[in-house]
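The values are calculated or read from the model by the stated rules, or taken from the named source; none is laboratory data. Keep in mind it's a predicted model, so treat the numbers as computed, not measured. Glycine also receives a Cβ, built like all others from the backbone with ideal geometry; neighbour counts cover every protein chain displayed.
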Amino acid sequence: MKNIKINLVIIALFLLPVIFSLLGCGDTIINSKWRTQNLIIDGKENDWGNSLTYIDDLKALVGIENDDKYLYLCLVTNDQDLESKVLRMGLTVWFDNTAGDEKDFGIRFPIGRGGVNREAMRKEMEGSKSQRPNPEKMREMLIKNEYEAEIVGKNNDVNRLPITELKGIELKLGLSNSRLVYEMKIPLSHKGGFNYALSADTNSTISIGLETGSFQRNPNNENRFRQPEGGEGGFDSPNGEGRGDNFGGERGERRGGFGERHGEFNNSSLEPVSFWAKVKLTGK
């Protein structure tokens, strides 16, 4: 009997890590708050009040609220590494209404440098060719000239369109007290004729993932931005190539002065951000 008890203890100790893994003990849980005031999607954090909570894994403040029609998301960071990845590599917000970590439906905004309105930026930079653009000015232009978003489906379908044409969805990047602010508003259901929605109810639990693109070298030893894979199998861009521009290492990244503020690329800063949280929606 004594030997049996000892064996049971050994088996239990062996299984504990497996059990905790299956339970998802490391999952972040965020409780959405019921929206009690008007939340304007304007790239500012002023109207979020105490709804923002600091998440160390992201190095950012995150706030989530909902009402009976929409979910509202806000991310605020002054972490230069995270900001740089979002602006240069793009950010995809994934949704899974089964509270898992499947990439069922995603919204990529900003797209990254591959989605910047280059003609508008070129016009703004005319007349300054004799001097290096101010890094803060470049930062502001990158934010202001992100005018498109991509809707990403589970089966690798990608639909890029102007953010002004996203019926029911509102997206905005901004700067507030020198901090990058990302805001999103998205319908909970397709009622009302919305093409894109969460298919979730109040009081349900969903999962939200935040993922940046990665920075890789292609066979020609050129640096290239690569978007995260979606659904079953990966994608980069409609033609199968990595989306974004080619940049020749440090010199290419420093072009325009933006690299000076955010530091040079190194192996650690090239790692993409990937964060998932379970979000409990709330009723009134």
* Those residues that are closer than 18 Å to residue 273 by Cβ and out of contact with any helix residue (DSSP H, G or I) (no Cβ under 9 Å at 6 or more places or on another chain), I need them from region 63-84; list them, please. => 73, 78, 79, 82
* Scan region 154-185 residue by residue and report those that are assigned to a strand (DSSP E or B), modelled with pLDDT of 95 or more, among the aliphatic types (A, V, I, L, M) and in contact with a helix residue (DSSP H, G or I) (Cβ under 9 Å, 6 or more places away or on another chain). => 171, 173, 180
* Structure fact -> All-but-one check, residue 228 against (1) under 22 Å from residue 140 (Cα atoms); (2) touching a Pro at 6+ places or on another chain (Cβ under 7 Å); (3) modelled with pLDDT of 50 or more, failing number (1)
* Structure fact -> For region 63-87, the count of residues that are free of Cβ contacts under 8 Å to residues at least 40 places away in the same chain and surrounded by 21 or more Cβ atoms within 10 Å (Cβ to Cβ) equals 2
* Which condition breaks for residue 124 when tested against (1) part of a helix (DSSP H, G or I); (2) at pLDDT 95 or above? -> (2)
* Asked: Does region 168-203 hold any residues that are under 14 Å from residue 78 (Cβ atoms) and either surrounded by fewer than 22 Cβ atoms within 10 Å (Cβ to Cβ) or more than 19 Å from the chain's Cα centre (by Cα) (or both), and which are they?
  -> 174, 175, 176, 177, 178, 179
* **Hey, residue 5 modelled with pLDDT under 50 and either within 19 Å of residue 275 (Cβ to Cβ) or surrounded by fewer than 17 Cβ atoms within 10 Å (Cβ to Cβ) (or both) or not** => yes
* To do: Under 6 Å between Cβ atoms, at least 6 apart or on separate chains: pull out the pairs that start in region 191-205 with a residue that is more than 23 Å from residue 30 (Cα to Cα) and end on any residue that is surrounded by 13 or more Cβ atoms within 10 Å (Cβ to Cβ) and small (Gly, Ala, Ser).
  => 194/168
